[in-house]
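The values are calculated or read from the model by the stated rules, or taken from the named source; none is laboratory data. Since the model is a prediction, treat every value here as computed from it, not as a measurement. Cβ sites come from the backbone with ideal geometry, for glycine too, and all protein chains shown count toward neighbours. All accessible areas refer to the heavy atoms of the entire protein, side chains included, with ligands and DNA or RNA removed. Shrake-Rupley method; radii C 1.70, N 1.55, O 1.52, S 1.80 Å.
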Amino acid sequence: MRSLRSALACGAFTTSCLMAAVAPSISHAANPQAPAYSDQEVSDAYIYLLGRLLVQRQQQLDFQQGMQWNQLVHRKPGAVDWPNPNLDVAYSEAWVAVDEGSCTLVSVPRISDRYYTVQFLNGWGETLANINERTFAQHPSGDFAVCLKGADVALPDGIQRVDLPVRTARVLARVELGADPQQAEHLQRQFSMRTSGSPQLPEVPQAPLFRLQQLPGVEAFDAAEVALKEPDLNPGMEALQARVHALVALASAPAQRAHLDEVIRKQAFAALVKAAPTLGPGTVRNGWVRPAVSGTYGSDYLTRTLVNLGGIWANTQAEVNYFRGTVDDHGEVLDGSRSYSLSFPRDQLPSGFARYFWSITATDARTFKVMPNAQGRFLLNNQSALRYNPDGSLTLYFGPQPPAGVAEANWLPTVEGQNFRLVFRYYGAKGAVAGGDYFPPVLVRL
């Protein structure tokens, strides 16, 4: 049987990609009064829990690689190691810890005519806040105090307070590389972070690590009690959390444990495979999927888990709009051995739908990492030296070699023998993209 990640890469979902779900309901054999859970309920609980475990996994890896609480790490462009990063920005990363007596102080440089944001996320991958000129128009730069909501902490005059509803958060500062990446890195290094007071630093939640290409089965419930200590801020999740707690107890019984594992590997994995092409309740048009939500998810834990699996740390649609392309005009999966074109009419150019900038990256359909190539070119965007057609339209190309007569600047390399997908980002979306009515044109196989 292929791995879940291989199945997720199928693109077109046929019966060969899906796994049967025929196991009977699960009950607590030692206690006939305990509730019985259907296979569907077990699958739902697993998918809900997995969304948290994916963030917890990344947190453990971050600290293993040297990150420490309340210390900002400036990354070189492209030097981050998680699925589907933005390659058009310089990243700085941190994990912050705040409490009743201490805040984390963040300094943001003055930035003009360039996209930037400092994003804060909780342990479920939910965006809590963004610091930028859009959210703090009267205080777009300078000093900010990130505090636990309700904390009574004396702060210097002139500092902007930002309250968080949780004690720990993931931080990603992004600075647009633009036409001058060196200037972007110079600005990036001016972001800083320090603590106010002496916070009680928490332990990093520990759980068995797993490979993204080999998701855990029933052992996911062994880590659930620790994972669920992180509050899910979305209302209506209490029943799911109670079910996860109950399944933890069932997983301790050998007979039930084996059956739980079977249900997860058949039904839950199949549900993830089935939901992947549309990112849950997302919309598909022209071979592109637009997620229904990103960055903040409400009750849509399925989309949250899929995003955490294939593109962790997504921001809100107020900041960036995402589209994912996986199939061509024949409805077939994008193949790195073939060539494709993407044509924008003159009145539908990508630059017309972004207040800041747009970009397209190609990633491996199995690992969600960028595809290596001799050219060292991993994205096309508004800073590329694109050549427009005589009528003002724009055509981009994707394939192992540039088609004859095509400007190389309009071509993004792919790898022969590897399926791939495209991720289209609009930063500061406007017009039909912001309104949700727009989708990129269909990818035409050449």
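Less than 9 Å Cβ to Cβ from Val218, Lys/Arg counted +1 and Asp/Glu -1: what total charge do the surrounding residues give?
Overall, the nearby charge balance is -2.
Show which lysines lie in cross-link reach of Lys229 when reach means a straight Cα distance below 24 angstrom and same-chain residues fewer than eight apart are skipped.
Lys149
Enumerate the amide H contacts of Asp99 below 5 Å, restricted to partners 5 or more residues apart or on another chain; note that Pro and chain-start residues carry no placed amide H.
Distant-sequence amide H within range of Asp99: Leu148.
Hand me the trypsin sites (Lys or Arg not before Pro) from the range 397-432 located in a DSSP loop with no more than 14 other Cβ atoms within 10 Å, in residue order please.
Listed in order of number, the matching sites are Lys430.
Quantify, in whole percent, the carbon and sulfur part of the accessible surface of the range 211-364 (1.4 Å probe; protein heavy atoms only).
On the way: 3040 of 5690 Å².
Answer for the range 211-364: carbon and sulfur cover 53 percent of the accessible area.
Amide H of Val320: which non-local residues (sequence gap of 5 or more, or other chain) have their own amide H closer than 5 Å, using H built in the peptide plane?
Gly428
For the range 312-446, what proportion of DSSP beta bridges, expressed in % and rounded to the nearest 5, is antiparallel?
90 percent
Express in whole angstrom the spacing between the alpha-carbon centres of the range 192-244 and the range 411-446.
Here the answer is 33 Å between Cα centres.
Starting from the Cα gyration tensor of the range 97-241, multiply each eigenvalue by 5, take the square root, and state the resulting semi-axes largest first in whole Å.
Listed largest to smallest, the semi-axes of the range 97-241 are 31, 21, 14 Å.
Just to confirm the filter: which trypsin sites (Lys or Arg not before Pro) across the range 199-289 are DSSP coil and have at most 13 other Cβ within 10 angstrom of their Cβ?
Those that pass, being in a loop and sparsely packed, are Lys229.
For the range 369-446, which chymotrypsin sites (Phe, Trp or Tyr not before Pro) pass both filters: DSSP loop (anything but H, G, I, E, B) and at most 15 other C-beta atoms within 10 Å?
Within the range 369-446, the qualifying chymotrypsin sites (Phe, Trp or Tyr not before Pro) (loop, at most 15 other Cβ atoms within 10 Å) are Tyr388.
Would you calculate, for the chain, the mean residue ellipticity at 222 nm contributed by helices, counting each DSSP H stretch of 4 or more residues as -39,500 (n - 2.57) and dividing by all residues, to the nearest 500?
Working: 9 runs with 89 residues, N = 446.
Helix contribution divided over all residues of the chain: -6000 deg cm²/dmol.
Give me Rg/Rg_expected for the range 176-295, where Rg uses Cα atoms only and Rg_expected = 2.2 N^0.38 Å with N residues. Present the calculation step by step, with values, prior to reporting the outcome.
Numbers: Rg = 20.8 Å, N = 120, 2.2 N^0.38 = 13.6 Å.
So the range 176-295 has a normalised radius of gyration of 1.54.
Using a cut-off of 14 Å between alpha-carbon atoms, which aspartates and glutamates can reach Lys274, once sequence neighbours fewer than 8 places away in the same chain are excluded?
By straight Cα distance, Lys274 reaches Asp44.
If you average the alpha carbon positions of the range 292-352 and of the range 105-167, how far apart do those two centres end up, in angstrom?
28 Å
Between Ala318 and Phe63, what length comes free when the chain is fully extended (0.36 nm per residue of separation minus the Cα-Cα distance, one decimal in nm)? Write out the running numbers ahead of the final one.
Values: separation 255, 0.36 × 255 = 91.80 nm, distance 2.98 nm.
Full-extension gain reported as 88.8 nm.
What does the charge count around Asn321 come to, taking other residues whose C-beta lies under 12 Å from its C-beta (Lys +1, Arg +1, Asp -1, Glu -1)?
Once all neighbours under 12 Å are counted, the net charge is +3.
Mind listing the long-range amide H neighbours of Thr195? Cut-off is under 5 Å, sequence gap 5 or more, other chains count too, H placed in the peptide plane at 1.01 Å from N.
Those qualifying (amide H under 5 Å, at least 5 residues apart or on another chain) are Leu105.
In the chain, which whole DSSP H runs stretch at least 30 Å along their own axis (Cα) and average -1.0 or higher on the Kyte-Doolittle scale?
Membrane-span-like by this criterion, though nothing is claimed about a membrane: 39-64.
Once the principal axes of the Cα atoms of the chain are found, what is the range along each, listed largest first in whole angstroms?
75, 63, 37
Using the Karplus equation 6.51 cos²θ - 1.76 cosθ + 1.60 (θ = phi - 60°), what ³J(HN,Hα) coupling, rounded to whole Hz, does each residue of the range 78-83 give in order, writing x for Gly and Pro?
3J(HN,Hα) across the range 78-83, in whole Hz: x, 9, 10, 10, 8, x.
At 1.4 Å probe radius, can you tell me the per residue accessible area of the range 337-446 in Å²? List each step's numbers first, then the result.
Working: 4620 Å² over 110 residues.
About 42 Å² of surface per residue is accessible.
Using the Karplus curve 6.51 cos²θ - 1.76 cosθ + 1.60 with θ = phi - 60°, work out ³J(HN,Hα) for each residue of the range 348-363 in order, rounded to whole Hz, and write x for Gly and Pro.
Calculated HN-Hα couplings, in order: 10, 5, x, 4, x, 10, 10, 5, 10, 6, 10, 7, 10, 10, 10, 10 Hz.
State the extension gain, in nm to one decimal, for the chain segment bounded by Asp157 and Asp81, taking 0.36 nm per residue of separation less the distance between their alpha-carbons.
Once the chain is fully extended between Asp157 and Asp81, it gains 23.5 nm.
Work through the residues other than Arg445 whose Cβ is under 12 Å from its Cβ and net out their charges, Lys, Arg +1 and Asp, Glu -1.
Here the charged neighbours net out to -3.
Give me the percent of the accessible area of the range 24-181 that comes from carbon and sulfur atoms, probe 1.4 Å, all protein chains in place.
Taking all protein chains in place, the range 24-181 shows 46 percent carbon and sulfur surface.
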